[in-house]
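The values are calculated or read from the model by the stated rules, or taken from the named source; none is laboratory data. None of these values were measured; they are calculated from a predicted model. FYI the Cβ positions are ideal-geometry reconstructions off the backbone, even for glycines, and counts take in every protein chain you see. Just the protein is used for accessible areas: all its heavy atoms, side chains included, with ligands, DNA and RNA removed. Shrake-Rupley method; radii C 1.70, N 1.55, O 1.52, S 1.80 Å.
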Amino acid sequence: MNRQLKNKLFTYATWIAVVLSTTILFFLFGVILWNGLPAIDLNFLTQASSNFGASGGIIYQIAGSVLMVLFSALICLPIAIGTAIFKSEYLISKKLHAIINTLIYSLNGIPSVIFGIFGLILFVNILGMGISWIVGSIILAMMILPTVTLSTYHSINSIPTIYRESSLALGLTKWQVIRKVLLPQGFSGAITGLLIGVARAIGETAPIMFIATAFSGVAFPSSFSEPVSTLPTHILALAQQATNPDALQNAWGSSLMLVTLVVLFSISALIFRLKHQTISKR
Amino acid sequence: MEQQSLKSKLSVVGKTTVDIIKLEGLHVWIKENHILDGIDVNIPKNKITCIIGPSGSGKSTLIRSINRINDDVDGITTQGNINFNGSSILTSDTDIASLRTQIGMVFQKPCVFPKSIKENVLFGIQHLKKLSKIEKLQLVEQKLKTVSLWKEVSHRLNDKAISLSIGQQQRLCIARTLAVKPEVILLDEPTSSLDPLSTRAIEDMMVKLKEEYTIVFVTHNIQQAKRIADHLIFLCDGKLIEQGSARAMFSCPQNSQTKAYLKDEYCAC
Ligand SMILES: Nc1ncnc2c1ncn2[C@@H]1O[C@H](COP(=O)(O)OP(=O)(O)O)[C@@H](O)[C@H]1O
Ligand SMILES: [Mg+2]
């Protein structure tokens, strides 16, 4: 086959892939919008659910989801930054780097339901923390830790050596260089990773359904040790009553709300990354 | 006649300056490679010492050993001794951060921090000392004047430093180093990425600065060394070929390799 033809075929193939994936994406969005929009009005967004979700709104589900991912972000960020700095600035041995990488990628590869079981056994049963949203936050923090750590690591590690040397040459200590030069420049990477991680965490059902959520009868928690209701677990509960058209309608509405939140976090991540490009990429 | 020449020789000896830095048998290896092979040199106080030599001869490695910025290079081993003001700086209990405030460094490529011009001047000193607002402003003005940048930037001190031209950025880097008040300033080919005008400005600045500071200036440009050097160190392939007063070395080099290099920029070693 001649080379030009091969090139052309390859170009077509990539185009088909692009068109296919965007079509699927828009089809999904379209269906959710089409079915979800009729459910959404001010009452739906501002009222508590009643009748097992078939009537009322989803205010506590939104609040529960946002609260849980917010705290998971707070728990995850310092650990991720610490690991990233250690890996980038202190760890010299190539072997240890390889081991840490393997650990990070393995953690990322663990199916989310396993995190749920782990949380159930360790935090709920052994440590006796009960079914509470803070346990859910801890588990979600573990889940997004690899994403946030790697994103932070890459943005710190890609800062050119000359910035480290220029500040060391002025008499700064290594710790001052980390605090004054590397962290400010690497922080955007941490936030980008965090937003991507949160976008993923807010949609997770399996890891939190046994350990952090209740399906009905919960309001905004007044302590760390109460369960909350969240959007994904609410959708799951509503889908189980799919024969009831009101429940189904609300399931679509909740789905639309959830997808909106995911898109919001993803777009913020994108905007943040574009706005705060590290020096190395200029 | 004889007596007179002896007298003039004596007077030269009498004027001999103090050596602020002495390298004794300095060896550096990076992994398996022997980069510096037993270097013995002196850096005279309040003079400009130029280190010349072909690229890859170890000039950067030598100068970077003096403020121990080489410590962080992967796989480096250093042997021998470096004396600064009479005490060794290669011991394990040397306070490296404080050493670097006494021996500052300017790099080949200017590296400004993503901050304002003013903050860049203050970047090093503000981590060492608490300064009042007035002291800060005075320091910024004084140092920017020293590097002849004040006229150009006095009206936009809060602009991002990155908005300056490369030549201006390099002068800003020098101002930042001066603000820490070191005794010695190491410069590793500071003009090699600059235009001729900025290069001349920096050369003139060095000649003025040597009254207050000791300057160690790496260059691969022989004409530049000729213009500014008081003391000359010629390295080739990790070895010291010759050192001495610049005037003597340029007029009658003792070593044939030095002669060839100064004449044709060619070194057979
Ligand atoms: N980080 C490093 N790793 C390995 N070799 C190096 C490193 N830095 C310098 N070298 C080697 O050391 C020699 C001297 O380099 P350098 O001191 O930069 O020379 P110069 O500044 O005179 O051009 C060169 O052969 C170079 O390849
Ligand atoms: Mg060099």
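Odds and ends about this structure:
- Three-way shape label, the stretch B:140-193, alpha-carbon gyration tensor, a/c 1.5: oblate
- About the centre of its Cα atoms, the protein assembly as shown shows a dipole size close to 1340 debye [charges on the beta carbon of Lys, Arg (+1) and Asp, Glu (-1) only; nearest 20 debye].
- Here is the P(r) of the stretch A:40-281: all C-alpha pair distances, binned every 10 Å from 0, give 8, 28, 29, 20, 11, 4, 1, 0 in whole percents.
- For residue B:39, residues with placed amide H under 5 Å, excluding near neighbours: B:25, B:26, B:27
- Average projection area in nm² (convex hull over Cα atoms of the stretch A:1-144, one quarter of hull surface): 16.0 nm²
- Report note on the peptides A:240-253, B:129-142: ranked by the mean count of other C-beta atoms within 10 Å, highest first, their order is A:240-253, B:129-142.
- Working ranking of peptides B:88-97, B:241-250 by packing, defined as the average number of other Cβ atoms within 10 Å per residue, highest first, is B:241-250, B:88-97.
- Normalised by 2.2 N^0.38 Å, where N is the number of residues, the C-alpha radius of gyration of the stretch A:182-223 stands at 1.71.
- Peptide-level mean, for A:159-167, of C-beta atoms on other protein chains within 10 Å: 5
- Semi-axis lengths, Å, the protein assembly as shown, gyration tensor of Cα atoms, sqrt of 5 times eigenvalues: 65, 25, 23
- Selection from A:156, A:243, A:206, by position along the positive dipole direction of the stretch A:40-281 (Cβ): A:156
- If R0 is 25 Å, the Cβ-Cβ spacing of residue A:96 and residue B:32 corresponds to a FRET efficiency of close to 0.65.
- Selected from B:266, B:139, B:28, residue furthest toward positive end of dipole (chain B; charges at beta carbon): B:139
- Taking the Cα centre of chain B as origin and assigning +1 to Lys and Arg Cβ atoms and -1 to Asp and Glu Cβ atoms, the resulting dipole is close to 1040 debye.
- Listed cross-link partners A:174/B:22; A:180/B:109; B:22/B:59; A:180/B:181; A:180/B:118; B:109/B:130 are compared with a 24 Å cut-off, the Cα-Cα value being larger for A:174/B:22; B:109/B:130.
- Extension gain for residue A:274-residue A:20 works out to 88.8 nm (0.36 nm per residue, less the C-alpha to C-alpha distance).
- Given +1 at the Cβ of Lys and Arg, -1 at the Cβ of Asp and Glu and no other charges, the dipole of the stretch A:40-281 around its Cα centre is 1100 debye to the nearest 20.
- Global form of the stretch B:62-206, assessed from the alpha-carbon gyration tensor, a/c cut-off 1.5: prolate
- Residues of the stretch B:87-122 that bury at least 40 Å² of accessible area when the other protein chains are present, relative to the chain alone (probe 1.4 Å, heavy atoms, ligands and nucleic acids excluded): B:97, B:100, B:107, B:111, B:113, B:114.
- 10 Å binning of all Cα-Cα separations within chain B, expressed as whole percents from 0 upward: 7, 28, 33, 22, 8, 2, 0
- Overall form of the stretch B:23-113 per C-alpha gyration tensor (a/c, 1.5; a/b vs b/c): rounded
- Euclidean distance between Cα centres, the stretch A:87-139 to the stretch A:166-204, Å: 21 Å
- Inter-part distance where the stretch B:111-179 and the stretch B:184-240 are each reduced to a Cα centre, Å: 22 Å
- Listed residue (B:127, B:101, B:116) projecting farthest to the positive dipole end of chain B, Cβ model: B:116
- Relative contact order (%) - criterion: Cα under 8 Å, at least six apart; region: the stretch A:30-152: 30 percent
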